[in-house]
Amino acid sequence: MIRHRPSGSGHPYSDDTEQRSPVQPVAGAPLRLGVRTSGDVDAVVLQLRVDDGDVTTLPLERVVRSSRGQDVDGGHLASAQARTARTAGGWQVAFETPTAGSIMRYRFAAAGSDRVSRTRWFETRVAAWRAADPAALAVDGTAVPVMAGTVEVLDDGERIHRLRFALPLAPGEHVTGFGERYDALDHRGTRLDSVVFEQYKSQGAHRRTYLPMPFAHVVGGRGWGFHVRTSRRVWFDVGERHPNRLVIEAEVDAASGNPQALSLALYSGDPTSVLDAFLAETGRPRVLPEWVFGLWASGNEWNTQAEVERQMALHREHDIPVRNVVIEAWSDEKSFTIFRDAQYTVREDGGPMRLADFTFPAGGAWPDPKGMVDALHEHDVRVHLWQIPLLKLRPHPTGQAAADARAALAEDVVIREKAPDGTLRPYRNRGWWFPLSLMPDLTDERAAAWWTEKRRYLVDEVGIDGFKTDGGEHAWGEDLVYLDGSSGDQSNNRFPVAYAAAYGQLLESSDKAPVTFSRAGFTGSPAHGAFWAGDENSTWEAFRWSMLAGLSAASCGIVYWGWDIAGFSGPIPDAELYVRAMAASVFVPIMQYHSEFNHHRSPSNDRTPWNIAELTGDNAVIRDVRALVQLRERLVPYLTDAAAYAVESSAPLMRPLYFDYPADPAVWEHPLQWMLGPDVLVAPVLEPGAREWSVYLPAGCWVEARTGEQIAGGRAVSVDVSERTSIPVFVRDESWQGLAPILTPLR
């Protein structure tokens, strides 16, 4: 066996063994060609012809590389345990790419076990960067000029593959936004890109994100922002190489003679005006019901009706109000439409089923799903079910899952990929979570309706209130083909937006609010439901990363955002981290805790207050969490009004201080503070063992919620935080009277 895939798996941050790197060869730059072979191969050679020249033979060297980047980031939960990638049989050769416009034709031959195997011939054109007509970049807006002479294209003589240009950065300007970002609020002096990616934990260290946007604010000078109008990947050098310029490079696909290859929007004004202009163009958020502001509770091991009911009863027993429960491990994890243990007759055409089609054994995991949901509703608890946008094919599906897979192919509702011979075949998930699954094309209205109608009985009959729309990052590779004919480089980033939208439309068609809870997204996501920050460990560092993620997401229009309080993975948080994180989440739009699957080992990995109390030996945790969640309940009316105003005005609900004080340079020295709604300033305690906490108060008169003391702003003050439930909260003086009854218990 010998295999070469020019574009590899599509992993955006790691080359595969068997790919061409870069996929688009650039004249004069190094080019690596690789193959994977079976273990009996002793030698591999490359046969290369440039234009009409002679065939040159080059030997390949054996290499140890991994597939799909697993040596770089470890992948997601299920495959993180299988981090050792296949390494045997990797071969590569590297050489300087020939001149621009050259046509390279090549194939590989592998010798071993008294036989020779060859690949087919591959062909690619060599591109080079050249100066372009400025008209190649269409610019709307006059906030700043595109720097003269910086518009360039990567052109192979037939197609333009990339376009880059530069915008000026003035001294004192800060560049922020770019979607949900975990490493910093101000990105000046760094590089980043915009591609949807499932980075399992440590997003801040890797500088990768589930929810990028090619949109940013430039704050501290004249006030402006920009949006690169593309769903393709974009790279940003934010003054790293040249301190006074922002260099933007975007994937494009245009004919060499095309007068326009990319569009850029420039917005002028303060951050709220810039965000408003962006949302007017890409989609505004919607007002969600007030119950989304109550506590959300979940655990991946709440995988029976009895366990869900037990955990909800424990909330009531401990007087900890809960408004939402997310049930992750409810389905057979084959169809993601059927409760585990349900008995039914397979519907061979893959069509929608009704509640009456199922029998739920009394001794099964879910003996009465509707009765459970009805009872939870009586306790004012909304129920959300976990979803994955895949048709699972490993292990080999049976029952309804198998019928659904056959129907999906027959109905032509799945994403496809280009085979080596140019034909189309169903795309099989290349990611490490649910590998080789089929993927419905939820960007297509017909396919999305086919998919969501199978879940209608859950909404209409069982009474489900929302969906956790997890795992929107499974579309890898430019060679994918969507039902509208668009390629993967065009539509992979669009997929998670369409995913949340499809489930929102299902809920709305049943007269319910479009409450989805997603981690992946892109431009357009603010219009579709709520979001959380994704998978993280229970560490102080991850706590800080998550707060940065919330603030950067908010700066790009995400109104309803939360995180897994104190992290969901790894060893449980200690009592101090747990309570400090819970206190911070009182003042975050979505307050929710969650825990990762732990194979039901003892002790439990649950992040419930009672489990943390038991495992840490600190029974006061329950008392502390009770007080904090009850405070949150009192805040719900304020949050509801503030969210409505955020939707109307585009001033984010949870927003960095620079939105209100763009001319104050000191706000950048305190990036992990925020305004919550129009009147409340929050400064969470983000370090262990803190007794005092420095808080910057912008100009104006403020009231410390804990003491009721009036304090003049324009300076940093030290706040006593010796009690672990303490969180520095300040209120604008003119609004204190109305908020005092809510916040007084902070004293």
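Rule-based calculations on the coordinates, nothing more; no lab input. In this text the structure is predicted, and so the values were computed from the model without any measurement. A quick note on method: Cβ atoms are made from the backbone with ideal geometry, for glycine too, and the neighbour counts reach across all protein chains shown.
Where does segment 101-144 land on Rg(C-alpha)/(2.2 N^0.38 Å)?
In units of the globular-protein estimate, segment 101-144 measures up at 2.36.
Rounding to the nearest 20 debye, state how big the charge dipole of the chain is about its Cα centre with +1 on each Lys and Arg Cβ and -1 on each Asp and Glu Cβ.
That gives the chain a dipole magnitude of about 1460 debye.
Mind putting together the pair-distance distribution for segment 553-604? All Cα pairs, 5 Å bins, whole percent per bin, short to long.
For segment 553-604, the pair-distance distribution reads 4, 19, 23, 20, 16, 10, 5, 2, 1.
Looking at segment 487-607, what % of the alpha carbon pairs are farther apart than 23 Å?
So the pairs more than 23 Å apart make up 40 percent of the total in segment 487-607.
If you scale each eigenvalue of the Cα gyration tensor by 5 and take the root, what three semi-axes come out for segment 293-408, rounded to whole angstrom and sorted largest first?
Semi-axes, largest first: 29, 15, 12 Å.
Among 571-579, 550-558, how do they line up from the highest to the lowest mean number of other beta-carbon atoms within 10 Å? Walk me through the numbers before you get to the answer.
Values: 571-579: 21.0, 550-558: 27.9.
Highest to lowest by the protection proxy: 550-558, 571-579.
Just from its helices, what would the mean residue ellipticity at 222 nm be for the chain, if runs of 4 or more DSSP H residues each count -39500 (n - 2.57) and the sum is divided by every residue, rounded to the nearest 500 deg cm²/dmol? Don't jump to the answer; show the numbers that get you there.
On the way: 15 runs with 161 residues, N = 747.
Helices in the chain give a 222 nm mean residue ellipticity of -6500 deg cm²/dmol.
Starting from a Cα-only point model with no solvent, please compute log10 I(q)/I(0) by Debye for segment 541-664 at q = 0.09 1/Å.
-0.30
For 659, 122, 108, what ranking results if the residue with the fewest other Cβ atoms within 10 Å of its Cβ goes first? Can you show the working numbers first?
Details: 659 23, 122 16, 108 26.
So the residues, fewest neighbours to most, are 122, 659, 108.
Order of 512, 201 from fewest to most other C-beta atoms within 10 Å?
The fewest-first ordering by Cβ neighbours comes to 512, 201.
Taking only the alpha-carbon positions of the chain and ignoring solvent, what does the Debye formula give for the base-10 log of I(q)/I(0) at q = 0.05, 0.08, 0.09 Å⁻¹?
Each listed q maps to, in turn, -0.27, -0.69, -0.86.
Give the distance, in whole Å, between the Cα centre of segment 399-414 and the Cα centre of segment 656-681.
51
Under a plain spin-label model, where a point goes 7 Å from the Cα along Cα-to-Cβ, how far apart in nm are residue 290 and residue 255?
About 5.9 nm, to one decimal.
How would you order 332-342, 356-366 from highest to lowest mean count of nearby Cβ atoms within 10 Å?
Highest-to-lowest ranking by the protection proxy: 332-342, 356-366.
Which one of 23, 48, 13 is farthest out on the positive end of the charge dipole of segment 1-57, using unit charges on Cβ (Lys, Arg +1; Asp, Glu -1) and the Cα centre as origin?
13
Grab the Cα-Cα distance for residue 461 and residue 733, subtract it from 0.36 nm times how many residues apart they are, and report the gain in nm with one decimal.
93.0 nm
In percent, how large is the relative contact order of the chain, given Cα pairs closer than 8 Å and 6 or more residues apart?
11
If we count other beta carbons within 10 Å of each Cβ, what is the order of 582, 104, 675, fewest first?
With the fewest neighbours first, 582, 104, 675 line up as 104, 675, 582.
Hey, which of these cross-link pairs are over 25 Å Cα-Cα: 201/512; 334/370; 201/468?
Going by Cα-Cα distance, 201/512 fall outside the 25 Å limit.
Volume per residue, Å³, of the convex hull around the alpha-carbon atoms of segment 116-246?
163
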